[in-house]
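In what follows, a single structure is set out as structure tokens and then discussed.
Where a number appears in this text, it was derived from the coordinates with a stated rule and is not lab data. Being a predicted model, the structure only gives us computed values, none of them experimental. All Cβ positions, glycine included, derive from the backbone under ideal geometry; neighbour counts span all protein chains shown.
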Amino acid sequence: MSDTIGWPMAEYDGIADFYARNVEDFFKAFSDPFYSEVAFVDEKNFVDHSAAHITLGREFIVLEDGKTVETHTTVFN
């Protein structure tokens with residue numbers, strides 16, 4: 001596929017998407033005891049945390065139900 005569209009392939013073999021109301025909630029999830037005691041322990045079986053990357057972004061909807069979204073309620077600071 002990389003040759004077809006001319007974009008380089010990612011140098012990793014997995015990705016996870018997390019959706020949160022705000023960045024504070026996102027980081028709070030990782031301080032939850034369940035995450036540190038159960039999920040993080042299991043992740044060590046299949047995630048190389050030393051090579052992991054994180055990116056943060058905002059969802060900006062431009063199409064909805066096949067139509068262009070003309071107005072947005074989100075205010076970007």
Calculated FRET efficiency, residue 58 and residue 38, Cβ-Cβ r, R0 30 Å, to nearest 0.05?
-> 0.55
When the chain is fully extended, how far beyond the present Cα-Cα distance does residue 26 get from residue 48, taking 0.36 nm per residue of separation?
-> 5.9 nm
Helix-only [θ] at 222 nm, the chain, -39500 (n - 2.57) per DSSP H run of 4+, per residue, nearest 500, equals -4500 deg cm²/dmol
Longest exposed-site-free window of the chain, the sites being GluC sites (Glu not before Pro) in a DSSP loop that have at most 10 other C-beta atoms within 10 Å = 12-58
Relative compactness, the stretch 2-68, computed as alpha-carbon Rg over 2.2 N^0.38 Å | 1.51
Where does the charge balance sit around residue 51 when Lys and Arg score +1, Asp and Glu -1, over other residues with C-beta under 12 Å from its C-beta?
-> -3
Sites matching trypsin sites (Lys or Arg not before Pro) across the chain that sit in DSSP coil, with at most 12 neighbouring C-beta atoms within 10 Å | 21, 44, 58
Taking the Cβ of residue 42 as the center, what net charge do the other residues with Cβ under 15 Å away carry, scoring Lys and Arg +1 and Asp and Glu -1?
-> -3
